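Everything below concerns the one structure shown next.
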Amino acid sequence: MFWYEDEVKRVERIKEELSYTPEVIFYGSSTFNLWADLEDSFKEYKPVNLAFGGSTIAACSWFFERIVAGYEAPKAVVIYAGDNDLGNNRHPEEIYICLFQLVSQIRKRFGAIPVVYVSIKPSPVRWGIDEQIRYTNMIIERRIAELNEDIHFVSIHDLILDTTKKPDQKLFVEDGLHLNEKGHTILKDAIEKTLATILS
């Protein structure tokens with residue numbers, strides 16, 4: 001995990017620079033990290049963006065104590081991670097295990113607060129592994145539905161597809177992996193519906 005060190009140190013410094021106590025923690029990979037106006041998009045929830053570039057769900061669990069645990073009494077944690085795991089040839093079941101390990105860490109530190117997991121998105125660059133993406137989303141969503149806990153699954157996969165049922169190029173920047181402003185608008189609307197319900 002040493003290759004994340006510079007990014008982790010950057011995220012650690014965020015706490016020192018905040019002028020408010022965050023109520024919703026956004027945590028995960030660059031789908032959140034590169035969302036430039038995330039704080040403005042969710043300003044009513046007093047968010048903090050603790051995502052770090054290139055992270056896997058395993059890395060999110062590994063660095064939880066350094067990055068997230070130092071915050072006090074958030075009302076919810078929103079997670080996006082998993083596609084980098086699949087892109088690095090990890091199995092869907094590994095993502096499943098690491099996600100629920102992370103949820104356990106959140107529970108241990110913050111109690112039974114709501115946890116929101118945003119499904120893995122399809123992308124032009126990773127369209128070749130879409131079967132694994134769909135399967136990973138399915139086993140996670142099914143497990144969340146089985147649990148009698150305050151965990152919520154936000155499904156965005158099909159929202160990213162165009163009329164041909166392939167990733168909509170208009171929602172991505174040139175690298176074909178990360179969302180642009182239009183893509184983030186879709187993501188915001190999907191997450192907002194859940195936050196509005198669980199934090200009302």
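Just so it is clear, none of the values below were taken in a lab; they were calculated from the coordinates. None of the values given here were measured: they were computed from a predicted structure. With ideal geometry, Cβ positions are generated from the backbone for all residues, glycine too; neighbour counts draw on all protein chains shown.
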* Asked: Given H placed 1.01 Å from N in the peptide plane, which residues other than close sequence neighbours of I156 have an amide H under 5 Å from its amide H?
  -> S119
* Structure fact -> Between the alpha carbon centres of segment 39-82 and segment 92-151 the gap in Å comes to 14 Å
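What length, rounded to one decimal in nm, is gained on full extension from K182 through to N148, with 0.36 nm per residue of separation minus their alpha-carbon distance?
On the way: separation 34, 0.36 × 34 = 12.24 nm, distance 3.45 nm.
Full-extension gain reported as 8.8 nm.
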* **In nm, spacing of pseudo-spin labels at Q101 and D6 (7 Å Cα→C-beta vector)** => 2.6 nm
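Determine the dipole magnitude for the chain: charges of +1 sit on the beta-carbon of Lys and Arg, -1 on that of Asp and Glu, nothing else is charged, the reference point is the Cα centre, and the result goes in debye to the nearest 20. The partial results should precede the final answer.
Values: 23 positive and 31 negative charges, 59 e Å.
Computed charge dipole of the chain: roughly 280 debye.
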* Structure fact -> Residue by residue through segment 82-95, the couplings from Karplus 6.51 cos²θ - 1.76 cosθ + 1.60 with θ = phi - 60°, in Hz, x for Gly and Pro, are x, 6, 5, 4, 5, x, 9, 6, 7, 7, x, 5, 5, 5
* Can you tell me the 0 to 90 degree angle between the C-alpha axis of helix 5-17 and the longest principal axis of the chain, rounded to 10? => 50 degrees
* When only C-alpha pairs under 8 Å and at least 6 residues apart count, what is the relative contact order of the chain, in percent? -> 18 percent
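Net charge within 11 Å of G70 by Cβ-Cβ distance, Lys/Arg positive one each and Asp/Glu negative one each, not counting G70 itself? Walk me through the intermediate numbers first.
On the way: positive: K15, R66, R109; negative: E12, E16, E65, E72.
That works out to -1.
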* Convex hull volume of segment 61-142 per residue (C-alpha atoms, cubic angstrom) -> 94 Å³
* How do H91, H178 rank when sorted from fewest to most other Cβ atoms within 10 Å of their own Cβ? -> H91, H178
* Asked: Along the charge dipole of segment 155-200, which of L179, Q169, S155 sits closest to the positive end, that is, farthest toward it, with unit charges on the beta carbon of Lys, Arg, Asp and Glu (+1, +1, -1, -1)?
  -> S155
* Mean projection area, nm², convex hull over Cα of segment 122-200 -> 5.9 nm²
* Structure fact -> Nearest 10, in degrees from 0 to 90: the angle of helix 181-198 to the longest Cα principal axis of the chain is 50 degrees
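Please list 152-159, 164-171, 141-148 highest first by mean number of surrounding beta-carbon atoms within 10 Å per residue. List each step's numbers first, then the result.
Values: 152-159: 16.2, 164-171: 14.1, 141-148: 11.1.
So the order, starting with the most tightly packed, is 152-159, 164-171, 141-148.
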